[in-house]
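S.K.: Have a look at this one.
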């Protein structure tokens with residue numbers, strides 16, 4: 001939940017499969033609402049279950065208005081988020097003059113190879129559910145930076161976003177190992193520039209540092 005002031009975001013929907021984490025999210029919800037005097041105007045809902053099932057069902061029951069600014073974070077550990085779920089979010093709105101739902105997609109880099117190699121059954125089926133097609137082995141043969149760029153391109157070419165860039169999340173500053181690629185995708189002309197500025201601001205504070213320059217990200 002955001003700590004920013006003023007708190008412009010008012011509606012939060014948190015999807016969690018792990019039953020042991022539901023109580024933590026519910027406590028987070030209560031603490032957040034207690035801090036805001038206008039809590040009756042805010043919505044924080046915790047939805048238990050596999051988001052690959054619960055999230056599409058939720059959007060079908062409660063569609064987001066075309067003009068409503070929306071943001072979705074796919075905070076997966078490695079390969080838990082099916083590509084079909086990403087497609088559902090990307091196509092939910094934006095076809096009638098509004099913007100698509102803005103996305104943050106965490107692509108595990110530090111341990112995804114080890115995670116997939118640990119699978120013993122249904123390996124090809126599980127890979128295809130996550131990757132969305134049959135060429136995942138070609139993806140795994142790429143270097144870290146090639147993976148980040150390829151995934152960002154998929155968000156533009158396959159999902160139709162106007163802007164999509166990979167931001168590295170590293171273990172120990174600018175020389176540290178890349179643990180995640182944070183893929184940011186949006187239709188809004190200013191979103192990528194603002195994302196870049198926020199990322200660089202955090203890096204200046206010692207949290208992350210980017211080995212990819214703004215020119216390499218091709219921000220306009």
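S.K.: Shape verdict for the chain, please, from the Cα gyration tensor: rounded (a/c under 1.5), prolate (a/b greater than b/c) or oblate.
M.R.: rounded
S.K.: To make sure I understand, if each residue's beta carbon is the centre and we count other beta carbons within 10 Å, what order do 36, 99 fall in, fewest to most?
M.R.: Ranking 36, 99 by Cβ neighbours within 10 Å, fewest first, gives 36, 99.
S.K.: Which of 59, 140 has the fewest other C-beta atoms within 10 Å, and how do the rest follow up to the most?
M.R.: 140, 59
S.K.: Estimate the FRET efficiency between residue 172 and residue 13 by the formula 1/(1 + (r/R0)^6), using the beta-carbon distance for r and 45 Å for R0, to the nearest 0.05.
M.R.: Rounded to the nearest 0.05, the efficiency is 0.85.
S.K.: Quick one: of the DSSP bridges fully inside the chain, what percent are antiparallel, nearest 5?
M.R.: So the antiparallel bridges amount to about 60 percent of the total.
S.K.: Counting each DSSP H run of 4 or more residues in the chain as -39500 (n - 2.57), what helix-only mean residue ellipticity at 222 nm follows after dividing by all residues, to the nearest 500 deg cm²/dmol?
M.R.: -11500 deg cm²/dmol
S.K.: Let me ask something additional. Springs between alpha-carbon pairs under 10 angstrom, Gaussian network model over the chain: which of 160, 98, 148 fluctuates most?
M.R.: 98
S.K.: Would you please report the Å³ per residue occupied by the convex hull of the alpha carbon atoms in region 10-49?
M.R.: That works out to 46 Å³ per residue.
S.K.: At a 10 Å Cβ-Cβ cut-off, how would you order 106, 180, 71, fewest neighbours first?
M.R.: Ordered from fewest to most neighbouring Cβ atoms within 10 Å, 106, 180, 71 come out as 71, 106, 180.
S.K.: In the Gaussian network model of the chain, springs joining C-alpha atoms below 10 Å, which of 138, 94, 49 carries the largest mean-square fluctuation?
M.R.: 138
Just so you know, all these numbers are worked out from the coordinates, no wet-lab data involved. Keep in mind that what you see is a predicted model, and the values were worked out from it rather than measured. Every residue, glycine among them, receives a Cβ derived from its backbone with ideal geometry; neighbour counts consider all protein chains shown.
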